[in-house]
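Readers should treat all values here as calculations from the given coordinates under stated rules, not as data from a laboratory. None of these values were measured; they are calculated from a predicted model. Neighbour counts run over all protein chains shown; Cβ positions are idealised from the backbone, glycine included.
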């Protein structure tokens, strides 16, 4: 089935999708702040860590369910399969490579799915998960 939008309209829609400081990222950073966790850096280093506690070497990535191929919520697109399927596959491959590289450098990597932050209770659970990491570091 062909796209229901013209090429120009689809291009305009796609150009509005943000790569950084998304609603998900901003709300998660606010939750960290309200929990008293300070001192993070946004989009840190060559791996563009979403939230990095550099001194503690904790890297937090907030993965969108569509963009990163969530095993629960990802559905193959009905249009543009020749583009989207390799794109998502490439994102997943890059995520694994990034995680491995950071762990090799001594970082603790936390990947949080978008669906784990959709409500405030889940966001608090994820923040507490991060807080527990700090206790395990000397």
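Quick notes on this one:
- Efficiency of FRET between residue 12 and residue 128 - r from beta-carbon atoms, R0 41 angstrom, step 0.05: 0.55
- Between the helical axis of 120-135 and the longest alpha-carbon principal axis of the chain there is an angle of about 40 degrees.
- The angle between the Cα long axis of helix 23-34 and the longest principal axis of the Cα atoms of the chain comes to about 10 degrees, rounded to the nearest 10.
- Gain in span if fully extended, residue 75 to residue 48, counting 0.36 nm per residue against the direct Cα distance: 7.1 nm
- Computed from label points 7 Å out along Cα-Cβ, the spacing between residue 23 and residue 101 is 3.1 nm.
- Among 22, 98, 79, residue whose mean-square fluctuation peaks in a GNM of the chain (springs only between Cα atoms under 10 Å): 79
- Using C-alpha pairs below 8 Å separated by at least 6 residues, the relative contact order for the chain is 24 percent.
- Gyration tensor (alpha-carbon) shape descriptor, region 18-133, a/c threshold 1.5: oblate
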